[in-house]
1. Rounded, prolate or oblate: pick one for region 148-198, where a ≥ b ≥ c are the square roots of the eigenvalues of its C-alpha gyration tensor, a/c under 1.5 means rounded, and failing that, prolate if a/b is larger than b/c, else oblate.
2. Order these peptides, 34-45, 133-144, by their mean beta-carbon neighbour count within 10 angstrom, highest first.
3. If you line up the Cα atoms of region 49-182 on their principal axes, what length do they span on each, largest first, in Å?
4. Below 17 Å, Cα to Cα, which lysines can Lys6 reach? Residues fewer than 8 away in the same chain don't count.
5. Determine the gain in length on full extension of the stretch Arg152-Glu201; use 0.36 nm per residue of separation and subtract their C-alpha separation, reporting nm with one decimal.
6. Debye sum, Cα scatterers, region 139-233, no solvent: what log₁₀ I/I(0) at q = 0.10, 0.17, 0.18, 0.21 1/Å?
7. For the chain, what does the helix formula give at 222 nm: sum of -39500 (n - 2.57) over DSSP H segments with n ≥ 4, over the residue count, nearest 500 deg cm²/dmol?
8. Once you have the alpha carbon radius of gyration of the chain, what is it after dividing by 2.2 N^0.38 Å, with N set to its residue count?
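Derivation of every value follows stated rules applied to the coordinates shown; laboratory data play no part. Since the model is a prediction, treat every value here as computed from it, not as a measurement. Here the Cβ positions follow ideal geometry from the backbone for every residue, glycine too, while neighbour counts run over all protein chains shown.
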Amino acid sequence: MRLQGKRAVVTGAAGALGRVIAETLAAEGADVAGLDLNAEGLESTAAAVRSHGTRALSAAVDLTDFDAVQDAVAGFVEEWGAIDILLNGAGGGAVSYFHEMTPETWNTQIDRNLNSVFNVTRAVLPSMLEQKHGRIINIASVAAIAGGRLVRGATAYATAKAGVVGLTKALAIEVADSGVTVNCLAPGAQGTNARDNDTPERREALLSQIPTRLLGEPEHLAQTVVFFAAPETVNVTGVILPLDGGHSI
Ligand SMILES: NC(=O)c1ccc[n+]([C@@H]2O[C@H](COP(=O)([O-])OP(=O)(O)OC[C@H]3O[C@@H](n4cnc5c(N)ncnc54)[C@H](O)[C@@H]3O)[C@@H](O)[C@H]2O)c1
């Protein structure tokens, strides 16, 4: 119970990784407030959180909407007093080749994967600065470091996730003496249900790019979130941690 009494916001809490992260934080004693577009998925995650005996809140909002995010986070802070942990996990890629990409596709990817991180972090940070304590953990992607070798057609996604890497480092410096740490995971391909429909050829093509020949386990990724959220990592900030089986080496 390393996170007993901590109050966490998890974005993308209805998604494959967000759900496992929310449950893992709850298993460590944290209360979890989920943000996602998917109201039904949020309810299911909230029930899973409560089954660990901790409190759950949720708000179904589009994280690209600055004002809606401000309102939702204000509601959480009013309910719980403050937020100790922010996990920015909402996002996702879409294949689009650069030579035919529309500005709309480009902007949608930047909005979903980068501007959403700005909106939520901007809403949560004042309460962390006020209490001189906070843990911000962002989920970028190996695409931010190694480009789109796993998935061709990922320029907008890789650019947005590289923005998350830059935001992590610059914000880590900006708030370094305020008791707030900012770190970032850069996962490679994870063994979520999104991979269930891989053909054997597609799976082999993927594994051939990963030195360990292993897909990531969401439960393992969630443990690195606990690591960055724990009191012992107070002096660990600005880290970009690849979880990619050596793909980005
Ligand atoms: N799964 C992987 O292999 C992998 C690898 C590298 C990075 N990532 C990153 O990890 C994060 C989680 O991935 P996942 O596999 O759980 O994906 P997922 O699609 O299962 O979950 C993403 C969640 O984000 C939510 N979301 C997306 N846009 C939103 C918006 N504008 N407002 C509110 N909610 C929104 C979705 O509703 C969804 O529930 C993403 O940022 C993704 O880019 C995933």
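1. Note, shape of region 148-198 comes out oblate.
2. Highest to lowest by the protection proxy: 133-144, 34-45.
3. Principal axes ranked by extent give 49, 32, 30 Å for the Cα atoms.
4. Lys132
5. Separation in residues times 0.36 nm, less the Cα-Cα distance, equals 16.1 nm.
6. Listed by q, the Debye log ratios stand at -0.34, -0.86, -0.93, -1.13.
7. Calculated at 222 nm, the ellipticity per residue is -13500 deg cm²/dmol.
8. 0.96
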